[in-house]
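Colleague: Below you'll find the structure I mean.
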Amino acid sequence: MSINFDSWPIKIAIVLALIAARTICYYGFVARATRSGDTERVQNARGWLETIDSAALVMGVMLLWIQPFILQAFYIPSGSMEDTLRYEPVGDRLLVSKMVYHMREPHRDEIVVFRAPAAATRGTETPADADFIKRCVGIGGDVVYAVDGKYFRNGRLLKEPHVKWDSPRGYYDMKIVGGKIYARDQVYNFWREAGYGTVYTQEPAPDQERIEAATPEAIPSGHFMMLGDHRDQSSDSHAWGFVPSDRIVGKAFFIFWPFARIRLVDHLSPASAVSRRH
């Protein structure tokens, strides 16, 4: 179970708890010590009161300013980003910068936290406001497609040493046609329109000949293609489509737990510095 500190009821409950603690401390200790005339008791009581005031200030800054707008901690909820980010045996805990995407849009190959698009949670047990974490493989205007499990962006083969496949890479093709993502798994030998079921659906999309003959198109402006590094075990853009810019939450930049995994997230993507320039 996790606590959603983005929830205003949770924030209000924390503020009320701090107010209650301060009230109890004042009337239970400070006021009583003052009436007793014991200087040492008064100083001790006021010390406790100052500690609660300091905690209230820190929590207020964190909950009302830092957490909504600047920095937030997240955990890895699934294996879709393995082995870049670990889910088992102990899931990585990440710091995510919310401020960076107030100043610019996500760059290619960055690891991004975003609110799940409606199509990603429809018909599932995943909450509609769930946060997902994936890699930004393409931005608006990029032509991204896959042939035999190899991804291309704007005509260049992507070097992806961080990507993990369970099935043979040659069993997967993908392209954008008419603003939608279609994928073909050569095991079943059909094109499948993203969003029409799970990654493993065996129902072919309509108009097969048109999709087969179409030239790969660009990602729509203001949208992003987000894919998991565990490429064939990820519910991501190839299953439910693009992520619009208004769903972006922040950039993952630092693993702070477990201790043995402490590091900058960008260092887990050897190809990012090169491919971002393409």
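Read-outs throughout are calculated quantities, based only on the coordinates presented, and are distinct from any laboratory measurement. These numbers come from a predicted model, not from an experiment. Using ideal geometry, Cβ is built from the backbone for each residue, glycine included, and neighbour counts are taken over all protein chains shown.
Colleague: Quick one: which residues, 5+ away or cross-chain, put their amide H under 5 Å from the amide H of Tyr151? H built at 1.01 Å from N.
Modeller: Those qualifying (amide H under 5 Å, at least 5 residues apart or on another chain) are Leu158.
Colleague: Right, something else. Excluding same-chain residues fewer than 8 positions from Lys164, which lysines have a Cα within less than 26 Å of its Cα?
Modeller: Of all the lysines, those that pass the test against Lys164 - Cα under 26 Å, at least 8 places apart if same chain - are Lys134, Lys150, Lys175, Lys180, Lys251.
Colleague: I need the calculated FRET efficiency for the pair Arg104 and Ile24, taking r as the beta carbon distance and R₀ as 51 Å, to the nearest 0.05.
Modeller: 0.65
Colleague: Could you calculate the contour length gain from Asn44 to Tyr171, that is, 0.36 nm times the residue separation minus the distance between their Cα atoms, to one decimal place in nm?
Modeller: Using 0.36 nm per residue and subtracting the Cα-Cα distance, I get 38.7 nm.
Colleague: Once R0 is set to 22 Å, what does the formula 1/(1 + (r/R0)^6) return for the Cβ-Cβ distance between Gln208 and Asp148, expressed as a FRET efficiency to the nearest 0.05?
Modeller: Step by step, r from the Cβ atoms, then E = 0.70.
Colleague: So how do Leu264, Leu94 line up by other beta-carbon neighbours within 10 Å, fewest first?
Modeller: Going from least to most buried by this count: Leu264, Leu94.
Colleague: Tell me, how many Å apart are the Cα centres for region 239-258 and for region 71-140?
Modeller: 3
Colleague: Could you please rank Phe152, Phe256, Phe114, Phe224, placing first whichever residue has the fewest other Cβ atoms within 10 Å of its Cβ?
Modeller: The order, fewest Cβ neighbours first, is Phe256, Phe152, Phe114, Phe224.
Colleague: Here's something else I'd like to know. Around Phe224, what is the net charge, scoring Lys/Arg as +1 and Asp/Glu as -1 over all other residues with Cβ under 12 Å from its Cβ?
Modeller: The answer is -2.
Colleague: Let me ask something else. Give, as a single signed number, the net charge of other residues whose beta carbon lies under 14 Å from the beta carbon of Phe256, with Lys and Arg counted +1 and Asp and Glu -1.
Modeller: +3
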